[in-house]
Amino acid sequence: MNIYENTNDRKNLLDVDHTIICHNTKALKASHPEVRRLKRVSAPQSAHGNKIWRSSFVLIDYLNTYPPEVEASILEVGCGWGLTGIYLAKHYAANVTALDIDSTVEPFLELQALENKTDVTFRLGDFASLSAADLKPYDTVIGADICFWDDLVEPLCDFIKLSLSVGVNRIIIADPGRPPFWTLCDIAVEQLNGEVLTRRIDKPIKTEKFILSIENK
Ligand SMILES: C[S@@+](CC[C@H](N)C(=O)[O-])C[C@H]1O[C@@H](n2cnc3c(N)ncnc32)[C@H](O)[C@@H]1O
């Protein structure tokens with residue numbers, strides 16, 4: 001027996017199963033047919049950019065409460081599939097550069113942006129190799145789940161210090177609370193006027209993550 005009234009009903013059900021809506025931003029899950037097609041033709045991601053990590057949803061929720069100015073220039077570091085930047089481009093007309101060290105994330109980012117009828121600019125590179133001139137145009141730097149190896153702490157600290165020195169106003173990093181993130185937080189709180197808070201969301205998933213927020217004062 002066909003349980004669907006018509007083909008559209010079935011299509012809608014499939015869509016519901018494979019997407020998540022977070023503050024009016026559509027996220028295609030790894031199980032979405034188009035994502036699966038991309039995975040089949042792509043090399044594996046080298047540094048965990050293989051899905052939308054939960055910290056992104058919490059960061060979006062935080063930014064929904066503390067949004068940037070309209071049309072701000074934003075750098076999303078370790079963007080992976082780039083949902084947070086896409087959210088900011090879609091809802092605040094932000095000019096977003098989405099940076100990642102892994103080129104294979106780009107088609108996934110483009111797909112998510114297309115689904116949201118918005119645009120972000122992908123840049124391939126290591127955040128540690130960005131210069132003062134590279135960072136100067138940005139008002140805000142964001143990152144979700146980017147401090148997951150001990151080796152990332154020192155370069156992230158240097159990157160944050162350089163960003164602040166050239167006038168970036170805000171740096172916001174969301175994390176599930178891995179040990180390297182806490183080391184980064186200790187340094188940021190002691191030396192860089194950083195604040196750490198816990199943020200819990202119920203939608204689109206029930207989860208609790210941590211936000212490191214640094215204001216340039
Ligand atoms: C755990 S994933 C998080 C992806 C995305 N932010 C999210 O929340 O879904 C970490 C991402 O950081 C990227 N990454 C790791 N080291 C990096 C570096 N030094 N410079 C830029 N991107 C980096 C990885 O390629 C990966 O896409």
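Just one of 99, 111 is more than 10 Å from the ligand (Cβ to nearest atom) and either in a strand (DSSP E or B) or touching a residue at least 24 places away in the same chain (Cβ under 8 Å) (or both); which is it? Walk me through it before giving the result.
Values: 99 fails: more than 10 Å from the ligand (Cβ to nearest atom).
Of the residues listed, the single one that is more than 10 Å from the ligand (Cβ to nearest atom) and either in a strand (DSSP E or B) or touching a residue at least 24 places away in the same chain (Cβ under 8 Å) (or both) is 111.
So, residue 79, is that one near the ligand (Cβ under 10 Å from one of its atoms), closer than 23 Å to residue 25 by Cα and assigned to a loop (DSSP other than H, G, I, E, B) or not? For residue 79, the condition - near the ligand (Cβ under 10 Å from one of its atoms), closer than 23 Å to residue 25 by Cα and assigned to a loop (DSSP other than H, G, I, E, B) - is met.
Listed conditions (1) near the ligand (Cβ under 9 Å from one of its atoms); (2) part of a strand (DSSP E or B); (3) within 22 Å of residue 204 (Cβ to Cβ); (4) hydrophobic (A, V, I, L, M, F, W, C) are all met by residue 57, apart from (2). Reported count of residues in the range 33-54, each being within 15 Å of the ligand (Cβ to nearest atom) and either modelled with pLDDT of 90 or more or hydroxyl-bearing (Ser, Thr, Tyr) (or both), is 7. Among the residues of the range 180-190, those that are without any contact (Cβ under 8 Å) to a residue 24 or more places away in the chain and either of a type in the set (A, V, I, L, M) or surrounded by fewer than 14 Cβ atoms within 10 Å (Cβ to Cβ) (or both) comprise 186, 189, 190. Listed conditions (1) touching a Cys at 6+ places or on another chain (Cβ under 6 Å); (2) more than 22 Å from residue 201 (Cα to Cα) are all met by residue 74, apart from (1).
Name the single residue that is nearest to the ligand (Cβ to nearest atom) among those in the range 157-174 being touching a helix residue (DSSP H, G or I) at 6+ places or on another chain (Cβ under 9 Å) and in a loop (DSSP other than H, G, I, E, B).
Taking the range 157-174 as the starting set, the residues that turn out to be touching a helix residue (DSSP H, G or I) at 6+ places or on another chain (Cβ under 9 Å) are 157-163, 165-168, 171-174.
Now drop any that are not in a loop (DSSP other than H, G, I, E, B), which leaves 166-168.
Numbers: 166: 18, 167: 21, 168: 16 Å.
Applying the filter and picking the extreme gives 168.
Restrict the check to the range 198-208 and report whether at least one residue is of a type in the set (A, V, I, L, M, F, W, C) and within 19 Å of residue 84 (Cα to Cα). Walk me through how you get there before you give the answer.
So in the range 198-208, the residues of a type in the set (A, V, I, L, M, F, W, C) come out as 201, 205.
Okay, now just the ones that are also within 19 Å of residue 84 (Cα to Cα), so 201, 205.
For the range 198-208, residues of a type in the set (A, V, I, L, M, F, W, C) and within 19 Å of residue 84 (Cα to Cα): present.
For residue 104, which of the numbered conditions (1) under 17 Å from residue 137 (Cα atoms); (2) in a helix (DSSP H, G or I); (3) polar (S, T, N, Q) fails to hold? Unmet for residue 104, out of (1) under 17 Å from residue 137 (Cα atoms); (2) in a helix (DSSP H, G or I); (3) polar (S, T, N, Q): (1).
Go through the range 124-162 and give me each residue that's farther than 23 Å from residue 61 by Cβ and in contact (Cβ under 8 Å) with a residue 40 or more places away in the chain. Once the filter is applied, which keeps residues that are farther than 23 Å from residue 61 by Cβ and in contact (Cβ under 8 Å) with a residue 40 or more places away in the chain, the range 124-162 yields 127, 135, 137, 159.
Between 74, 60, the distinction of being in contact with a Leu (Cβ under 6 Å, 6 or more places away or on another chain) and buried (at least 23 other Cβ atoms within 10 Å of the Cβ) belongs to 74 only.
Among the residues of the range 48-70, those identified as out of contact with any strand residue (DSSP E or B) (no Cβ under 6 Å at 6 or more places or on another chain) and hydroxyl-bearing (Ser, Thr, Tyr) are 65, 66. Of everything in the range 121-156 that is among the hydroxyl-bearing types (Ser, Thr, Tyr) and more than 12 Å from the ligand (Cβ to nearest atom), the residue that is surrounded by the fewest Cβ atoms within 10 Å (Cβ to Cβ) is 131.
The values are calculated or read from the model by the stated rules, or taken from the named source; none is laboratory data. For clarity, every value in this text was computed on a predicted model and none was experimentally measured. FYI the Cβ positions are ideal-geometry reconstructions off the backbone, even for glycines, and counts take in every protein chain you see.
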